[in-house]
1. Quick check: at a probe of 1.4 Å, how many percent of the accessible area of region 12-77 sits on carbon and sulfur atoms?
2. Using the Karplus curve 6.51 cos²θ - 1.76 cosθ + 1.60 with θ = phi - 60°, what ³J(HN,Hα) values do you get for each residue of region 43-58, in whole Hz, with x for Gly and Pro?
3. Let's test the formula: R0 of 25 Å, r as the Cβ-Cβ distance of Ala20 and Asp84. What FRET efficiency results, to the nearest 0.05?
4. Per-residue ellipticity at 222 nm for the chain, helices alone: DSSP H runs ≥ 4 residues times -39500 (n - 2.57), over residue total, nearest 500 deg cm²/dmol?
5. Counting only residues 5 or more places away or on other chains, whose amide H sits under 5 Å from the amide H of Met101 once H atoms are built in the peptide plane?
6. Could you give each residue of region 66-77 its phi-based ³J(HN,Hα) in whole Hz, using Karplus coefficients 6.51, -1.76, 1.60 with θ = phi - 60°, and x for Gly or Pro?
7. Roll a 1.4 Å probe over the protein chains and send me the accessible area per residue for region 16-67 in Å².
8. Filter the GluC sites (Glu not before Pro) in region 52-138 down to the DSSP loop ones having no more than 16 other Cβ atoms within 10 Å, then list what survives.
Amino acid sequence: MTDDAVNSLLSASWSTDWAAREKACVDMGALLPNSTLEHRLAELLRDPNLAVQPAAAEALVTQGGRRGLTAVLRDLGERLEDPDADHIAYLLQELQGLRDMPILQDARAIVAEGADPSVRSGLAELEQLFGHCARKDK
C-alpha cells in the first residue's frame, strides 16, 4: 500500500458526499491493518450520516481484527444515550447472527484481558441487545 493510496482514501473520507465517505470506509477496510486508516475509521463511527457509521464499523470489525472491534465497542460505550449508535449495535448483531462472526466471544475476551470502562460498557450494551443469543458459551 502506497502513501498515495492512503492519502487518497483519507481525502475521500472527508468528502461532503456521504456516499463517497461510505465507499471510503469499505476501501479503507480492505487496507487494514493500518493505524492511520483505523484512526480515521474510528472517527467515522460518528459521521453525521447514518449510512457511514455502520460502514465504518463493519470495516473495523471485519477487517481490523481485535483493535477494530475494540474501537467499535469503545464508541458504543461512549454513546449509550445516543440512539444513532443503535445502527452500529444492530450491525454487530447481524455480523454475529447471519455471518457467524464471534462478536460476543471476541468482545468478552477483549474485556477479560483488561479494557477501559467504555469498552466494558459497549460490551454490556451488546449483551443487553443480543438478549437470548448472549449466552456466555457463545
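The values are calculated or read from the model by the stated rules, or taken from the named source; none is laboratory data. A quick note: this is a predicted structure, and the numbers were derived from the prediction, not measured. For neighbour counting, all protein chains shown are included, and Cβ atoms are generated from backbone atoms with ideal geometry for every residue, glycine included. Remember, those area values only see protein heavy atoms, side chains included, never the ligands or the DNA or RNA. Shrake-Rupley method; radii C 1.70, N 1.55, O 1.52, S 1.80 Å.
1. Answer for region 12-77: carbon and sulfur cover 57 percent of the accessible area.
2. Those phi angles translate into 5, 5, 4, 10, 4, x, 9, 6, 7, 6, 4, x, 5, 5, 4, 5 Hz.
3. With R0 = 25 Å, the Cβ-Cβ based efficiency is 0.80.
4. Estimated from H runs of four or more residues: -21500 deg cm²/dmol.
5. For Met101, the qualifying residues are Gln96.
6. 5, 5, x, 4, 4, 4, 5, 4, 4, 4, 4, x
7. For region 16-67, the solvent-accessible area averages 46 Å² per residue.
8. Glu81, Glu113
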